[in-house]
Amino acid sequence: MGIFICPVCGENLEISGKSYVCGNHHCFDIARSGYVNLLLSKQTGGGVHGDNKLMVKARRDFLEKGYYEPLCEAVAETVKKYTQGSSVILDAGCGEGYYTAAVKAKIDQSNIAAEIYGIDISKTAVEFAAKRKTDIIFAAASVFHIPATAKSCDILLTMFAPYCGEEYSRVLQDDGIMVMAIPSEDHLWELKKAIYNQPYKNKVKDYQLEGFDFLDSQRVRYIMNIDNQQDIQSLFSMTPYYYKSGREEQERLSKLENISVEADFEILTYRRKGQKI
Ligand SMILES: C[S@@+](CC[C@H](N)C(=O)[O-])C[C@H]1O[C@@H](n2cnc3c(N)ncnc32)[C@H](O)[C@@H]1O
Ligand SMILES: [Zn+2]
C-alpha cells in the first residue's frame, strides 16, 4: 500500500485500474501522463496554482542544461546517505521532478529499495515530472495539505518550495529526515549586480526549525558561465526577483548576452523530533 490518503475523507487510497479509490468510493483518476490529481478546489481556491507552463518550461530547460548539476549531485548524495533499506522518500514541491529523478537514479545505483513520491500544487509541473517515466509516483497536491498518512515517510526533500513544518512533521516518521536546499548569501550575486541599482545579498535565516533537530549544513558554491540570453532569462524567471523587477531591470536583463555568476546553496539536514502526535 502506498502513502496516499483521500483528500476528502482521509481514508487510505488504493489503485484500482487507472484510478486511486478510497473505502468511501471517492475516486481520483490517474492522468495519461501518470500523475494523480489529489487537489481539492477548496485547497486552491480554484484556478491555476503554483508555477505556470512558461515557468515550468523555463526551469526544466535551464536545469536540463546542467547548471545546477553540482547541487543536484550533492542533494542526491545527502538523501542516499540517510536512506536505509526500503525507505519512503517524498519530494514536497517537486516542480518538474529534476531533483526527484536524480534522487531516484542515485538510490537505484546503490541498489537500495525505496518508494519515491513527488507532490506539487502545479498540475503542469507534475505532468512534466510524470512524463519522465521514472517509476516515481507524482500527485498534484499542496504542501499545506499533504495527502499522505501520518508518519509514512522516512525522508522528506524540500527544495526552493514553500515550507509547511506542521505537515512535514506529520508525514515523517518519528526520527525521519528532512533535507532542505536554500539559496545562500552569494547566490546569483553577479546577476543581481548587473540588474539592480542597489543589489542585496541573500539573508540566510536561522537554521533552527520548530519540531526538528538541526543535523548538518553543506555549502555548495561554484561559478556558472552562461553564454546566452535565453538561459539568463530562464534563470531569472526561476527566481523570486522575477516578479519584483520593473521595466528598467527587465531592460538591463534583456541586454545581457553572457555572465559568470555564482551559484551558492546550502543543503540543510534535520531530524524530526520524536514527539507524540
Ligand atoms: C522554485 S520551484 C522549485 C521546484 C523544485 N523543487 C526545484 O527545485 O526544481 C517551487 C515549486 O513549488 C510549487 N508550489 C508552490 N506552492 C505550493 C504549494 N502550496 N504546495 C505544493 N507546491 C507548491 C510550485 O508550483 C513550484 O513547482
Ligand atoms: Zn475518501
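No value in this document is a laboratory result; all are computed from the given coordinates. Remember, it's a predicted structure, so these values are computed and weren't measured experimentally. Quick reminder, even Gly has a Cβ in these numbers, built from the backbone with ideal geometry, and neighbours come from all protein chains shown.
For the stretch 266-272, putting each phi into the Karplus relation 6.51 cos²θ - 1.76 cosθ + 1.60 with θ = phi - 60° gives couplings of 10, 9, 9, 10, 10, 10, 5 Hz, in residue order, rounded to whole numbers and with x for Gly and Pro. The stretch between residue 250 and residue 32, if pulled fully straight at 0.36 nm per residue, gains 74.7 nm over its current Cα-Cα span. In this simple spin-label model, placing a label point 7 Å from the Cα along the Cα-to-Cβ direction at both residue 196 and residue 40 gives a separation of 4.0 nm.
Evaluate the relative contact order of the chain (contact order divided by residue number), counting alpha-carbon pairs under 8 angstrom at least 6 apart; express in whole percent. Normalised by residue count, the contact order of the chain is 18 percent.
Residues whose amide H lies under 5 Å from that of residue 88, counting only those 5 or more places away or on a different chain, are 115, 154, 155; hydrogens are built 1.01 Å from N in the peptide plane. Over the stretch 100-153, the reciprocal of the mean inverse Cα-Cα separation, the Kirkwood hydrodynamic radius, stands at 12.0 Å. Sparse packing (at most 14 other Cβ atoms within 10 Å of the Cβ) combined with a DSSP loop state is found for the following GluC sites (Glu not before Pro) in the stretch 166-208: 185.
Given the Cα atoms of the chain, and with Rh set as the inverse mean 1/r over their pairs in the Kirkwood sense, what is Rg to Rh to two decimals? Don't jump to the answer; show the numbers that get you there.
Values: Rg = 19.1 Å, Rh = 19.6 Å.
A ratio of 0.98.
Normalised by residue number, the volume inside the convex hull of the Cα atoms of the stretch 1-153 is 112 Å³ per residue.
Under 5 Å from the amide H of residue 11 lie the amide H atoms of 6, each residue being 5 or more positions distant or on a separate chain, with H modelled from the backbone and absent for Pro and chain starts. Placing dummy labels 7 Å off each Cα toward the beta-carbon, the span from residue 14 to residue 230 is 4.9 nm.
Within the stretch 174-248, the chymotrypsin sites (Phe, Trp or Tyr not before Pro) that combine a DSSP coil assignment with at most 16 other C-beta atoms in a 10 angstrom radius are 196, 200, 207.
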